Amino acid sequence: MLTGCSSWPEDYADLYEREGCWKGETFGEMLRDRAERQGDRIAITSGDRNMSYAELDDRADRLAAGFQELGIKQMDRVVVQLPNVIEFFEVCFALFRLGALPVFALPTHRSSEINYFCEFAEAVAYILPDKHAGFDHRTLARGAKEKNEKLNVIVTGDAAEFVNLADLYIDPKKLEVKVNSRDVAFLQLSGGSTGLSKLIPRTHDDYMYSLEVSAEVCQLDKDSVYLAVLPIAHNFPMSSPGILGTLYAGGRVVLSPGPSPDEAFPLIEKQGVTITALVPPLALRWLDAVSTRDHDLSSLQVLQVGGAKFSAEAARRVFPAFGCKLQQVFGMAEGLVNYTRLDDPEEIIINTQGRPMSKYDEVRIVDEEDRDIEQGQVGHLLTRGPYTIRGYYKAEEHNAKAFTLDGFYRTGDLVSKTESGYIVVEGRDKDQINRGGEKIAAEEVENHLLAHGAVHDVAIVSMSDDYLGERSCAFVIPRQDAPTSKELKLFLKERGLAAFKIPDRFEFTDSFPKTPLGKVSKKALRQIISDKLNNQLTLK
Ligand code: J2J
């Protein structure tokens, strides 16, 4: 096991293996198997390009050889920041075959996040696009390289002074590495609640099991066509069942260049898409658009919505608008995924966030003292199971708080359970803003703002928003020369913070409301901003 990671205790590992959850298969082997069994079938469609399983398998081998020649070895960490492109798959499977570990960054991440991932994960390489969504990613590479001149920078497209990914597909060699399925396959990002995002070590065995069960619950098979709309580095479109679950099932992944109805609807029609996954704000956008377009979306069987709470009102509109099933998905990159089942009664699909996908998932709903509460009451969700991590990467101190002594992960979600065992997400007790599915750790942004000379103190909270569900609001106690919100936004941008983390609104104040224990009361701040927004609405 990679140093800095916590494995499952032996008795649990034995249990999960004995029960057939962990099958001893690595990602590299999984792709090889699909390529041998159905090499001619298309694995990925991107624009006009169709890549078969055999071709993906071969290109992964070639790239693994190229990576090896560059010096990338088993257990090395490689920051991968690629959008929804075929190279994403080739890179991941090449690294999996070498036993090297992708560290998944989002295309929206900027220098603050990238430098942290490179440094914290002690990455030997950083793989990025030349430009994406109007941004030149090579500027990030230059910054990262300045901090570590040994970093291998590999670029898709115009590589400038860096290595071009296209040059690394060389004659495949027999790889001498033996990758163990119990080992970490990659590091996924957590939404985070304290400071910087924690890295989540996921093993071949545990993640493969989550793909197997996800594919089963979502009834995927070789004829399934999954449209990847959300950025595929996110855990949801990656694995629930997502792109990897689709490959697991031998289906076809279609990559959408963007999430808008204008980009996605024609693809659904042309490619016969059967399933796709959205976050709630996108689902709202699609719901509004569908009646004004005349694309034939009849191939769509399942529309998944997750990542943030989907309101019952919006959920009710899905079937009439799309004529397909809605599936609510409540998951987390740390592990546990809950799904409504495709044959569940409508009221369950509309009003709940599903139930755990595996019978080996253990779920507890507890009070402040970790005591189980009565069914139907709201409490803290704890979970443990065959695909839920036992600790974050190199985070001993944080792990002591984020996990119970007996290994349950504290999700930070407040939930209740229906009589039939379905989970309803009721709120959150983690210091995080869920901005339409993008998670923002308040403390991370607060720390950046505290570095501004004119900021004495700051507290960031969520404010409700009709479209995104939540947006972020920063309450700032300024020093003498009060900064403007524009200055502060620019300051954060210049510090290289991803745009989605920059507060949507700033409120300047003399003091913060306190809890009886003397801590800043974020609850009171949320109330202040909510009252203010309501007043503004009434005045309009
Ligand atoms: C309310 N809150 C939700 C939902 C996630 C599948 C689906 C989603 C994620 C994901 C994922 C929610 N209703 N339906 O990894 O595999 C909030 C909770 C949760 C946190 C996890 C997957 N679905 N959430 O969103 O790691 O607060 O994973 O703890 O990004 O999102 O965020 P993340």
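The values are calculated or read from the model by the stated rules, or taken from the named source; none is laboratory data. Quick caveat, the model's predicted, so the values are computed rather than measured. Heads up: the accessible areas ignore ligands, DNA and RNA and are worked out on the full protein's heavy atoms, side chains in. Shrake-Rupley method; radii C 1.70, N 1.55, O 1.52, S 1.80 Å.
Key figures
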item	result
Approximate shape of the chain as ellipsoid semi-axes (Cα gyration tensor, √5λ), whole Å, largest first	35, 29, 25
Fraction of antiparallel bridges per DSSP, the chain only, in percent to nearest 5	55 percent
Mean Kyte hydropathy of -1.0 or more with a Cα span along the axis of at least 18 Å, helices from DSSP in the chain	53-70, 86-98, 204-217, 522-539
The chain, accessible surface, carbon-and-sulfur percent (1.4 angstrom probe)	47 percent
Cα-Cα pairs of the range 396-445 separated by more than 14 Å (percent)	65 percent
Compactness index (Cα Rg / 2.2 N^0.38 Å), the range 77-183	1.05
Inter-centroid distance (Cα atoms) of the range 312-345 relative to the range 233-259, Å	17 Å
Probe 1.4 Å, all protein chains present, accessible-area order of 222, 150, 501, 519, largest first	150, 519, 222, 501
Per-bin percent of Cα-Cα distances, the range 346-429 [10 Å]	17, 47, 29, 6, 0
Pairs of alpha carbons in the range 6-121 whose separation is greater than 17 Å (percent)	65 percent
Scattering curve values for the range 255-346, log₁₀ I(q)/I(0), Debye with Cα scatterers, q = 0.15, 0.24, 0.26 Å⁻¹	-0.55, -1.37, -1.54
Heavy atoms of residue 418 accessible to a 1.4 Å probe, total area in Å² rounded to 10	40 Å²
The range 458-540 - Rg (one decimal) and Dmax (whole number), Cα, Å	13.7, 38
DSSP-defined beta bridges in the range 218-339 - what % are antiparallel, rounded to 5	20 percent
Solvent exposure of the chain as accessible area per residue, Å², 1.4 Å probe	42 Å²
